[in-house]
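Everything below concerns the one structure shown next.
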Amino acid sequence: MKRTEMSVPHGRSRILIVDDEAEILVALTDLLEDEFDILSSTDPLEALGFLKKSSDIAVIVSDQRMPNMTGDVLLSKAREFSDARGILLTGYADLAAVVAALNQGRIQFYAHKPWESDSLRAMVREVAAHHRLERALMTERVLLHGALESVPMNVVFSESDGTVLRHNVAVDAPINSRGNIAEDMLFSEALRPEIEAMRVEARERGEATRLVAEMTQGEVRWHEITRQTLPWPRNASGVPFPVEQRWQLSLGRDVTERLAMEERLRQDDKMHALGTLAGGIAHDFNNLLTAMLGSLELLQDMTPASDPMVTKLFDNALDSARRGTVLTRRLLEFGRPKPIALRPVNLVELIWNMHDLIVQSLSRASDLRGETGRCALNLEHVPRDLRVASVLSDPGQLEMALLNLCINARDAMPQGGIITIYLADDTSGAGEPCVILKVEDQGCGMSPDVVRRIFEPFFTTKGLGSGTGLGLSTIYGFLQRSGGDIRVESVPDEGTSMIVTLPVCTPAPENQSIEAGASDVPLNKQRILLADDEAGVRLVTEQFLAQDGHKVVSVPDGADVIAVLDKGECFDLVVLDLLMPGMGGRECGQILEQRYPGLPVLYVSGYADPQNLPAQAFVLGKPFTPQELRDAISATMRKSS
């Protein structure tokens, strides 16, 4: 800890000389002006006026016997509004008044007339130095008091045995037999062993730091406490006092919220990193799935439907591939979050409209597992006439989030139980207004270690093959992007509550409407230039386009697109994969916009960061069906027409 010394002002002090004889003033000024700034007056009343206007006067040198006011009375009045120290000049006849002034603390020294010059100068010098020290001590007291009052920490100055010297802790601590407060009484009983250990460590090592926890009203609160042994005082010879006699400073603050925020930031960083990784994996999977799904659909169209087993095998393969697209879509939501269409949502209506779907999903889950336990859905805390504020959210994604939470609750109760949904306005008054949606189960609950990881991508407590670990992390990402939040309260063997916070919004005006899209432009036979680095994807896309009568030229790279066009060939549309090893779709699209303005471009991607998409681009996600490809071409041509 860096040592800080008390700052004592130096420099020339200001002296006020008061004497009814002008000659005395001149003599004293000549004596003192080399060392001090001088003010002088022959009138005590005028001198009091100087004192009221000048707060920097350090010493008053006054004659005792003056016609209008004696010196001791002048100094007594001065003490009412000035901290200047007094010196009386007097004859022997006034000695009784001088002694009285000394005893009452009105003056610090006196000198007889005529004075001895060196003695008087030394006297004024000492009184001025004493005034400077008093000012410095007063400044230290004010600063310390201000710091104790305003600093957002618990500050305790104590002796090494724990006797409190100063503190700002808001507790009523008892006073011991010595008339002091014991430091332990300023802390809760749970923290006292740590405080005692820190006191000993600070004596031995000079400092100690702890991060300690205590249970307060069922909640864990974390405290960061730092303790230092202060390097002063020193004895008269300048040698520091022994360690056991030194003072200690304890600084403590509640860091529960800070630690929670740091944990949230670590979680966000982890999810971002995993999202980037997942997005790259999803890109490769989407290329494979595009080729697989496209090939299967084309083969199905080419194969006679006479053999039921062939049809069943095609359906089975297509269904498996489509389930793969759902998984990759979830992976993509970490690296390329799905755009959120926020609008006012009435949660009461949303929950009741989902009642049948949730009940059917719970029953179907039980039937598939062959279990006897059944789950019941309890909506008594969401009556149809319940009035809660509308929330700002994406209704489709919010429905999926609620369904996912209910399914998770069902999985936590293999022997059956009740899933209860609660809905209420947040009345805590903290932060922005919001609505609380809670899904509560009576299941097995979770340990604190599991709760800390529950929103991590790919983390799951379900058995192998029973879950991807993406459901809750997807919900977490959706809520974070839409201004909401989710937290978990869970006790092993007692159940779990998933508590969703959603921001309140003002409903949109009734006359607002969404602009309807224009009707599809009938697709004529187009000449299309296709670029994709995956041969399987190119083949499938070519066949989809050829089935609709389009003439297709395909190339594996964006540079090849530019080369074909630069040879003078004409095309009605360019279909570009965004991510290609050579020249990617974005770079190629920029060149096309400069060289061939007006040429429609349809971008296709299995994964693309929204920040890297071309402005106003139409992007078709992989994998896609023939109809989705037709719709995308129609929209692109319509936009360009």
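The values are calculated or read from the model by the stated rules, or taken from the named source; none is laboratory data. These numbers come from a predicted model, not from an experiment. When we count neighbours, we look across all protein chains shown, and the Cβ atoms used for this are built from the backbone with ideal geometry, even at glycine.
From (1) at pLDDT 90 or above; (2) among the aromatic types (Phe, Trp, Tyr); (3) farther than 16 Å from THR636 by Cα, pick out the condition that doesn't hold for TYR607.
(1)
Would you kindly identify the helices (runs of 4 or more DSSP H) lying entirely within segment 40-112 that contain at least 1 residues that are of a type outside the set (Lys, Arg) and under 60 Å from the mean Cα position of the chain (by Cα)?
On the way: elements: 44-53, 71-78, 95-103.
Fully inside segment 40-112 and qualifying: 44-53, 71-78.
So if I check each of GLY417, GLY443, which one is at positive phi and surrounded by 15 or more Cβ atoms within 10 Å (Cβ to Cβ)? Before you say what the answer is, go through the steps one by one.
On the way: GLY443 fails: at positive phi.
It is GLY417.
Under 7 Å between Cβ atoms, which residue pairs at least 6 apart in sequence (or on different chains) link something in segment 147-170 that is in contact (Cβ under 8 Å) with a residue 60 or more places away in the chain with a partner that is surrounded by fewer than 16 Cβ atoms within 10 Å (Cβ to Cβ) and part of a helix (DSSP H, G or I)?
The qualifying pairs are SER160/GLU244; SER160/GLN245.
Between residues in segment 554-571 that are under 8 Å from LEU529 (Cβ atoms) and in contact (Cβ under 8 Å) with a residue 40 or more places away in the chain and residues that are among the basic types (Lys, Arg) and surrounded by fewer than 18 Cβ atoms within 10 Å (Cβ to Cβ), which pairs lie under 7 Å by C-beta distance while being six or more apart or on different chains?
Between residues of segment 554-571 that are under 8 Å from LEU529 (Cβ atoms) and in contact (Cβ under 8 Å) with a residue 40 or more places away in the chain and residues that are among the basic types (Lys, Arg) and surrounded by fewer than 18 Cβ atoms within 10 Å (Cβ to Cβ), the close pairs are PHE571/ARG527.
Table: residues versus (1) under 20 Å from ASN286 (Cα atoms); (2) in contact (Cβ under 8 Å) with a residue 24 or more places away in the chain; (3) not charged (D, E, K, R).
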site	(1), (2), (3)
ASP532	yes, yes, no
GLY536	yes, yes, yes
ASP548	no, yes, no
LEU576	yes, yes, yes
GLY584	yes, yes, yes
TYR603	yes, yes, yes
LYS639	no, yes, no
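Here is a yes/no grid of residues against (1) crowded, with 16+ Cβ neighbours inside 10 Å; (2) of a type outside the set (Lys, Arg); (3) in a helix (DSSP H, G or I); (4) in contact with a strand residue (DSSP E or B) (Cβ under 9 Å, 6 or more places away or on another chain):
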residue	(1), (2), (3), (4)
ASP184	yes, yes, yes, no
SER188	no, yes, no, yes
GLU196	no, yes, yes, no
ARG199	yes, no, yes, yes
ARG203	yes, no, yes, yes
LEU211	no, yes, no, yes
MET215	no, yes, no, yes
TRP222	yes, yes, no, yes
ARG227	yes, no, no, yes
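How about segment 380-391: which of its residues are surrounded by fewer than 19 Cβ atoms within 10 Å (Cβ to Cβ) and either closer than 19 Å to GLY417 by Cα or charged (D, E, K, R) (or both)?
Passing the criteria: GLU380, HIS381, ARG384, ASP385, ARG387.
Hey, VAL164 hits all of (1) surrounded by 15 or more Cβ atoms within 10 Å (Cβ to Cβ); (2) of a type in the set (Val, Ile, Thr); (3) at pLDDT below 80 but one; which does it fall short on?
The failed condition is (3).
Which ranges mark the strands (runs of 3 or more DSSP E) fully within segment 495-557 that have 1 or more residues being within 23 Å of VAL345 (Cα to Cα) and either of a type in the set (D, E, K, R) or modelled with pLDDT of 90 or more (or both)?
Values: elements: 495-503, 527-531, 551-555.
Those strands (runs of 3 or more DSSP E) span 495-503.
Report, ordered by the first and then the second residue, all pairs with beta carbons closer than 6 Å, sequence separation of six or more or different chains, a first member in segment 458-483 that is farther than 19 Å from PRO503 by Cβ and in the same structural domain as LEU402 (by TED's automatic domain parsing), and a second member that is surrounded by fewer than 17 Cβ atoms within 10 Å (Cβ to Cβ) and at pLDDT 70 or above.
PHE459/ARG453
Give segment 38-74 a look and list any residue that's under 15 Å from ARG85 (Cα atoms) and among the basic types (Lys, Arg), or say none.
Of everything in segment 38-74, just one residue is under 15 Å from ARG85 (Cα atoms) and among the basic types (Lys, Arg), namely LYS52.
Let's see how each residue does on (1) under 18 Å from GLY86 (Cβ atoms); (2) of a type outside the set (Phe, Trp, Tyr); (3) out of contact with any strand residue (DSSP E or B) (no Cβ under 9 Å at 6 or more places or on another chain); (4) surrounded by 17 or more Cβ atoms within 10 Å (Cβ to Cβ):
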{"residue": "HIS112", "(1), (2), (3), (4)": "yes, yes, no, no"}
{"residue": "SER117", "(1), (2), (3), (4)": "no, yes, yes, no"}
{"residue": "LEU120", "(1), (2), (3), (4)": "yes, yes, no, yes"}
{"residue": "MET123", "(1), (2), (3), (4)": "yes, yes, no, yes"}
{"residue": "HIS130", "(1), (2), (3), (4)": "yes, yes, no, no"}
{"residue": "LEU137", "(1), (2), (3), (4)": "no, yes, yes, no"}
{"residue": "GLU140", "(1), (2), (3), (4)": "no, yes, yes, no"}
{"residue": "LEU143", "(1), (2), (3), (4)": "no, yes, yes, no"}
{"residue": "GLU159", "(1), (2), (3), (4)": "no, yes, no, no"}
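Could you tell me whether MET637 is in contact with a helix residue (DSSP H, G or I) (Cβ under 8 Å, 6 or more places away or on another chain), more than 30 Å from ASP319 (Cα to Cα) and not charged (D, E, K, R)?
Working: in contact with a helix residue (DSSP H, G or I) (Cβ under 8 Å, 6 or more places away or on another chain): no; more than 30 Å from ASP319 (Cα to Cα): yes; not charged (D, E, K, R): yes.
Here the answer is no, as MET637 does not meet what is asked.
Can you say whether ASP269 is outside the structural domain of ARG221 (by TED's automatic domain parsing), modelled with pLDDT under 75 and of a type in the set (Asp, Glu), as far as the supplied structure shows?
Taking the combined requirement at face value, the residue satisfies it.
Taking the residues in segment 124-146 that are of a type in the set (Lys, Arg) and touching a residue at least 24 places away in the same chain (Cβ under 8 Å) as candidates, determine which candidate is nearest to GLU183 (Cα to Cα). If you could, list the steps in order and put the result at the bottom.
First, pick out the residues of segment 124-146 that are of a type in the set (Lys, Arg): 125, 132, 135, 141.
Filter once more, keeping what is touching a residue at least 24 places away in the same chain (Cβ under 8 Å): 125, 132, 135.
Working: ARG125: 43, ARG132: 34, ARG135: 31 Å.
So, considering only residues that are of a type in the set (Lys, Arg) and touching a residue at least 24 places away in the same chain (Cβ under 8 Å), the one nearest to GLU183 (Cα to Cα) is ARG135.
Can ALA100 be described as assigned by TED's automatic domain parsing to the domain that holds TRP115 and crowded, with 22+ Cβ neighbours inside 10 Å?
Working: assigned by TED's automatic domain parsing to the domain that holds TRP115: yes; crowded, with 22+ Cβ neighbours inside 10 Å: no.
Spelling it out, it is not the case that ALA100 is assigned by TED's automatic domain parsing to the domain that holds TRP115 and crowded, with 22+ Cβ neighbours inside 10 Å.
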